[in-house]
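Here's the structure we're looking at; comments come further down.
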Amino acid sequence: MIWCILIVGILLPQSLAHPGFFTSIGQMTDLIHTEKDLVTSLKDYIKAEENKLEQIKKWAEKLDRLTSTATKDPEGFVGHPVNAFKLMKRLNTEWSELENLILKDMSDGFISNLTIQRQYFPNDEDQVGAAKALLRLQDTYNLDTDTISKGNLPGVKLKSFLTAEDCFELGKVAYTEADYYHTELWMEQALRQLDEGEVSTIDKVSVLDYLSYAVYQQGDLDKALLLTKKLLELDPEHQRANGNLKYFEYIMANEKDANKSASDDQSDQKTTPKKKGMAVDYLPERQKYEMLCRGEGIKMTPRRQKKLFCRYHDGNRNPKFILAPAKQEDEWDKPRIIRFHDIISDAEIEIVKDLAKPRLSRATVHDPETGKLTTAQYRVSKSAWLSGYENPVVSRINMRIQDLTGLDVSTAEELQVANYGVGGQYEPHFDFARKDEPDAFRELGTGNRIATWLFYMSDVSAGGATVFPEVGASVWPKKGTAVFWYNLFASGEGDYSTRHAACPVLVGNKWVSNKWLHERGQEFRRPCTLSELE
């Protein structure tokens, strides 16, 4: 049992890892290899312990036979000079050797490996972040807890199930955030699985304790009282539950008296119980955004659809595309969103990903108050920046964007590569700086972001669409394609219909790279117009 205590002791201390694993699926794959290495090390340790135990068993069996024979006639046994010598030898040296074998610690190799690998383990922030991601996916894609718990998600190759303990932990994360809506959902799921007979390390009392309080916080006093009574049936001495029971009964008695007084004046009116629901979100377009993520609420009419075409594009007679023109598809009309098919090869994608992986760090956003870059819960991904001079592939990609758009990329930002994490998303935002953000790109000295070019470098099994809530458009990821749109009108005014979002990735791994092109250098490539909105 000593080795068990040692392992627990190693696992308990705070992780030394850098936070943010949950924000990048690409980096999370490294953890799979880390865990595989640890499992191999653990199996080697078990084998060493088994070999050690086998040696001890052989000693015990040999000595058991010997002592059984000797105790039948002790005097006759030691009367034999060879037996007498061997007895002296066994007790003087061989038992010491056995003692040393038993005391030999076979866990050194495993513990050493675990100690080294532990510095790369996820920490509490990663675990909480992954839990919140599941809650976000649940809301965005209208998934019930049973569907998630059973792993019945679209596009999954390997099903994975949540235990009652897992559901309980998700409920606790929501509880810590004062999100009592999700606390109730996940505690009820944990309770259902326990009622179905699942063997678990948690008990119904703990679940009911959280559940009753979460229900009370949402205004359902009757249900909270019922759950508290159910808890006390299991544990009559539960101190908090006994206190809550008295408190709930006191409140209900007061409400009953108040309702009785009110009924004397308004006998024909009935009180409506407080309805439960998800916490109010600060995002005003939340419902529209989430509908588009599910493929609902798309506003493209058949009449407008007829005006969208596919074509071959030679980049205005660019020599590189005359013989092998690019394939263009109109995704949307206003704002005009164009998709380029087969515009980046698998080999180029792998090179870009290999260059970016070592540099991936938590993606940031501009803080409008401070003007500085900061992380935000509404952008869950990791990104890296690649310069054209670093690798000929990056340089070639940059020139391809210039040839096909007709815009100068010398004033553009570096190629940004992004990998989304568990439930990875980027909520509705503008790529360009608004009039109330005059300093957003001042350091670059290249003006505002005139256009966006976005490469899709992976297919996504489910979710992960790029949506435009203002116009009701959804663009779905397809590996090897890219989409392009102008953020500014030709007049230089911002096109507010380009407000867009990256929907949470439900299943799969989403890699993208984007190029933000700026105003400077486009004066003759895209001349200004006199009309503000053209």
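The values are calculated or read from the model by the stated rules, or taken from the named source; none is laboratory data. Every value quoted in this text rests on a predicted model; they were computed, and no experiment measured them. Cβ: placed from backbone, ideal geometry, glycine included. Neighbour counts: every protein chain shown. To get the accessible areas, we keep the full protein, side chains included, count just its heavy atoms, and leave off ligands, DNA and RNA. Shrake-Rupley method; radii C 1.70, N 1.55, O 1.52, S 1.80 Å.
Structure values in brief
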{"read-out": "Residue among Ser458, Ser474 that is closer than 21 Å to Thr140 by Cα and buried (at least 17 other Cβ atoms within 10 Å of the Cβ)", "value": "Ser474"}
{"read-out": "Qualifying residue in the range 233-240 (condition: assigned by the TED database to the domain that holds Asn152, part of a helix (DSSP H, G or I) and buried (at least 19 other Cβ atoms within 10 Å of the Cβ))", "value": "no"}
{"read-out": "Residue in the range 459-480 that is charged (D, E, K, R), over 19 Å from Leu386 (Cβ atoms), in contact (Cβ under 8 Å) with a residue 40 or more places away in the chain and not in a loop (DSSP other than H, G, I, E, B) present", "value": "no"}
{"read-out": "Residue check for Trp485: aromatic (Phe, Trp, Tyr), out of contact with any Pro (no Cβ under 8 Å at 6 or more places or on another chain), on the phi < 0 side of the Ramachandran plot and modelled with pLDDT of 95 or more", "value": "no"}
{"read-out": "Looking only at the range 71-92, and only at residues there that are among the β-branched types (Val, Ile, Thr) and exposed (fewer than 10 other Cβ atoms within 10 Å of the Cβ), the one that is farthest from Glu49 (Cα to Cα)", "value": "Val82"}
{"read-out": "Set Val417, Val422: member being in a loop (DSSP other than H, G, I, E, B), open to solvent by less than 40 Å² (accessible area, probe 1.4 Å) and closer than 30 Å to Leu135 by Cβ", "value": "Val422"}
{"read-out": "Check on Gly109, modelled with pLDDT under 90 and under 18 Å from Gly421 (Cα atoms)", "value": "no"}
{"read-out": "All positions within the range 118-147 that are within 18 Å of Gly424 (Cα to Cα), without any contact (Cβ under 8 Å) to a residue 60 or more places away in the chain and over 14 Å from the mean Cα position of the chain (by Cα)", "value": "Leu143"}
{"read-out": "Residue check for Gly508: out of contact with any Phe, Trp or Tyr (no Cβ under 7 Å at 6 or more places or on another chain) and farther than 26 Å from Met291 by Cα", "value": "no"}
{"read-out": "Candidate set from the range 155-164 (those that are buried (at least 16 other Cβ atoms within 10 Å of the Cβ) and over 16 Å from the mean Cα position of the chain (by Cα)); member that is farthest from Val505 (Cα to Cα)", "value": "Ala164"}
{"read-out": "Tally of residues being among the small types (Gly, Ala, Ser) and either closer than 19 Å to Phe22 by Cα or surrounded by 20 or more Cβ atoms within 10 Å (Cβ to Cβ) (or both) across the range 509-525", "value": "1"}
{"read-out": "Residue in the range 368-381 that is modelled with pLDDT of 95 or more, assigned to a strand (DSSP E or B) and open to solvent by 20 Å² or more (accessible area, probe 1.4 Å) present", "value": "no"}
{"read-out": "Odd one out for Leu454, checked against (1) in a strand (DSSP E or B); (2) in contact with a helix residue (DSSP H, G or I) (Cβ under 9 Å, 6 or more places away or on another chain)", "value": "(2)"}
{"read-out": "Residue identified as modelled with pLDDT under 90, in a helix (DSSP H, G or I) and outside the structural domain of Gln217 (by the TED database) among Ser267, Ser263", "value": "Ser263"}
{"read-out": "Among (1) surrounded by fewer than 21 Cβ atoms within 10 Å (Cβ to Cβ); (2) at pLDDT 90 or above - the single one Val409 does not satisfy", "value": "(1)"}
